[in-house]
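These notes concern the structure reproduced below.
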Amino acid sequence: MCGIVGYIGERQAAPIILDGLSKLEYRGYDSAGMAVCDGNRIRIKKAAGRLKVLENLTHGGETMEGCSGIGHTRWATHGAPSGVNAHPHGNSAGTIAVVHNGIIENYIHLRKKMIERGYEFVSETDTEVLAHLLDYYYKGDPLAAIIKVLHRVEGSYALGILFADHPDEIYAVRKDSPLIVGKGTDGCFIASDVPAILKYTRTVYYVENQEVARLKRDDLRFYSVDEEELEKEPVQIDWDADAAEKAGYDHFMLKEMYEQPKTVADTVSPRIQGGDLALEELKMSDGELMGIRKIYIVACGSAYHAGVTGKYVIEGLARIAVEVEVASEFRYRDPIMEEGGMVIVISQSGETADSLAALREAKARGFKVLGIVNVVGSSIAREADSVLYTWAGPEIAVATTKAYSAQLAALYLLAMKLAKVRGTIGEAEFRSLLSDLERLPDQIELLLSHKNKIQHFANRYIGARDIFFMGRGLDYAISLEGSLKLKEISYIHSEAYAAGELKHGTISLIEDGTLVVAVSTQPKLYQKTISNMVEVKARGAFVMAVTCEGNRAIEKASDYVIYIPATNPLFANSLAIIPLQLFGYYVAVGRGCDVDKPRNLAKSVTVE
């Protein structure tokens with residue numbers, strides 16, 4: 001949510017800021033703005049709507065002179081989307097400008113205090129409080145003023161700040177919302193995420209909680225809330241800059257779906273060495289792995305769905321009890337946790353607010369935390385005891401595809417490692433699993449090659465009102481993700497149900513012509529699922545089935561069948577999700593939806 005970009009250097013700032021913000025459009029936003037200091041004063045331009053509006057307003061940034069500036073794409077929390085509520089916000093004199101990602105929880109109290117002191121507010125945002133607080137405390141020293149403000153505000157924030165009195169400086173501040181600082185050959189940068197500045201530098205510094213960064217054209221300094229200077233080591237980003245571009249595809253989502261074979265291979269292949277698994281990044285000995293009594297998987301959205309799959313796979317192979325929880329529920333319900341347990345937190349960005357809070361709750365209780373994340377150096381990656389990176393590269397589309405597939409692969413690796421160490425599978429079964437795991441990338445690529453067939457079928461359901469997904473066991477887990485993919489990008493009402501629950505109320509929703517997607521990849525459950533398919537067909541449903549090669553019996557109970565290649569049933573979700581992703585994508589495209597940036601959604605949910 002929200003994107004921040006800042007630049008100070010030898011070049012004109014505004015075009016660089018606009019370019020950087022364009023790389024953050026995937027985060028979700030409803031307005032955009034910039035503040036640029038020309039050496040004497042700060043000029044602010046902002047507008048509701050897409051970034052293109054701001055680009056047109058400033059002629060691509062050319063009309064805003066100055067070599068230091070900050071920009072922002074806003075996702076509304078306090079105050080409706082509008083030019084007035086858009087960032088940056090400034091003090092009354094126009095000598096301070098601030099952009100903010102996050103939520104100031106005590107802003108109502110602070111706003112009241114500032115009004116009592118004679119300050120006037122023009123917006124409905126919590127961020128404007130920060131601008132006036134900075135004005136109140138500023139006595140010529142920006143760092144001192146910022147530190148005093150940090151001691152007054154509660155909540156989460158990533159801030160970019162300009163002071164007209166200090167035109168050769170930009171300040172960046174972070175608490176719980178992501179923020180990085182970069183150093184290039186002709187200037188320094190701040191950004192919410194790496195893709196925004198990857199074109200200009202690969203040397204970045206991760207700002208930690210309650211740290212302040214001071215940027216000059218050729219100098220970076222970091223400070224604690226006690227104004228003590230800090231030493232920080234840079235990180236070199238090895239992402240290919242072209243990975244964040246569409247490369248000829250109509251949408252980032254389609255491109256990222258086609259990157260899934262490589263993503264799964266990149267996640268799996270380096271961890272298979274000499275016919276065994278090399279997972280030293282777990283930082284746990286075989287004895288420690290043996291001692292795990294229970295696993296708690298905590299995540300949100302698609303990462304939660306990956307966790308549901310992980311539960312079945314880990315329990316099936318390693319025979320360890322697994323609980324899967326939505327992070328926002330876990331963090332607030334005072335969970336009862338068993339001694340000897342381990343917590344796994346899954347997040348593509350590594351910045352998901354609820355998941356990060358759940359991680360901290362688990363660590364405060366003394367539990368080991370394993371992070372499964374995609375972004376190197378993210379908050380979850382830094383704060384977890386160990387990290388299993390998914391190596392998916394930058395994922396731009398809001399609806400995750402390749403990062404989800406990589407999360408599944410990481411969970412398979414973990415389950416196999418636990419099973420082998422604990423002796424719950426034999427050597428022959430381990431070899432068979434390893435072989436099936438290594439074949440997944442080629443099998444995913446084969447399924448992607450059938451996109452035209454799925455596109456043709458999807459065109460029939462562009463006008464659908466309701467679509468239902470159902471499955472049993474692991475197939476229920478994949479139904480959850482298939483349903484989410486469809487609803488979040490096409491805006492069609494969609495639900496996923498455990499097939500055995502149909503008779504407990506859900507079947508009353510089935511009408512003539514309603515599409516029911518039945519996932520059936522588990523041989524032991526084929527007949528049970530077929531029975532459920534027959535039930536919905538009898539009520540007028542049109543049934544699309546996703547099943548494994550050879551399950552011809554399903555054809556009599558369905559109207560349309562998609563077959564996936566043979567694999568170990570525990571890995572079937574990695575294949576079954578591919579046609580469901582394609583189906584959701586082509587339905588959304590047919591409806592004219594903004595596939596990469598669905599309404600009301602953001603890529604990284606960094607606030608509650």
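The values are calculated or read from the model by the stated rules, or taken from the named source; none is laboratory data. These numbers were taken from a predicted model, which means no experiment stands behind them. Note: ideal-geometry Cβ built from the backbone for every residue, glycine included; neighbour counts use all protein chains shown. Accessible surface areas use protein heavy atoms only, side chains included; no ligands, DNA or RNA. Shrake-Rupley method; radii C 1.70, N 1.55, O 1.52, S 1.80 Å.
Can you find, within the range 509-519, the residue that is surrounded by the most Cβ atoms within 10 Å (Cβ to Cβ) among those that are under 33 Å from the mean Cα position of the chain (by Cα) and not in a helix (DSSP H, G or I)?
Initial filter on the range 509-519 (under 33 Å from the mean Cα position of the chain (by Cα)): 509, 514-519.
Cutting the leftovers down to not in a helix (DSSP H, G or I) gives us 514-519.
On the way: Thr514: 18, Leu515: 24, Val516: 28, Val517: 26, Ala518: 28, Val519: 32.
Residue satisfying both the conditions and the ranking: Val519.
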**Item:** Members of the range 94-110 that are surrounded by 19 or more Cβ atoms within 10 Å (Cβ to Cβ), closer than 26 Å to Ala353 by Cβ and not small (Gly, Ala, Ser)
**Value:** Val98, Val99, His100, Asn101, Ile103, Ile104, Tyr107, Leu110
**Prompt:** Checking Ala403 against (1) among the small types (Gly, Ala, Ser); (2) open to solvent by less than 10 Å² (accessible area, probe 1.4 Å); (3) without any contact (Cβ under 8 Å) to a residue 40 or more places away in the chain, which single condition isn't satisfied?
**Reply:** (3)
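Every residue, every condition in (1) out of contact with any strand residue (DSSP E or B) (no Cβ under 9 Å at 6 or more places or on another chain); (2) at pLDDT 95 or above, yes or no:
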{"residue": "Ile444", "(1), (2)": "yes, yes"}
{"residue": "Ser449", "(1), (2)": "yes, no"}
{"residue": "Asn452", "(1), (2)": "yes, no"}
{"residue": "Phe457", "(1), (2)": "no, no"}
{"residue": "Ile462", "(1), (2)": "yes, no"}
{"residue": "Ala496", "(1), (2)": "no, no"}
**the range 556-565, subset touching a strand residue (DSSP E or B) at 6+ places or on another chain (Cβ under 6 Å) and free of Cβ contacts under 8 Å to residues at least 40 places away in the same chain, residue farthest from Pro523 (Cα to Cα)** = Asp559
**Request:** Taking the options Val373, Val343, Val326, name whichever one is under 19 Å from Ala306 (Cβ atoms), buried (at least 23 other Cβ atoms within 10 Å of the Cβ), modelled with pLDDT of 90 or more and over 13 Å from the mean Cα position of the chain (by Cα).
**Result:** Val343
**Asked** When residues of the range 520-556 are filtered for being modelled with pLDDT under 90, of a type in the set (A, V, I, L, M, F, W, C), in a helix (DSSP H, G or I) and surrounded by 15 or more Cβ atoms within 10 Å (Cβ to Cβ), how many remain?
**Response** 2
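Listed here are the residues, each with its yes/no results for (1) crowded, with 19+ Cβ neighbours inside 10 Å; (2) among the small types (Gly, Ala, Ser); (3) at pLDDT 90 or above.
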site: Arg221; (1), (2), (3): no, no, yes
site: Ala247; (1), (2), (3): no, yes, no
site: Leu254; (1), (2), (3): yes, no, yes
site: Glu259; (1), (2), (3): yes, no, yes
site: Thr263; (1), (2), (3): yes, no, yes
site: Ile272; (1), (2), (3): no, no, yes
site: Gly291; (1), (2), (3): no, yes, yes
site: Lys294; (1), (2), (3): no, no, yes
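Please work out if Ser177 is of a type in the set (Ser, Thr, Tyr), touching a Cys at 6+ places or on another chain (Cβ under 9 Å) and within 30 Å of His89 (Cβ to Cβ).
Spelling it out, Ser177 is indeed of a type in the set (Ser, Thr, Tyr), touching a Cys at 6+ places or on another chain (Cβ under 9 Å) and within 30 Å of His89 (Cβ to Cβ).
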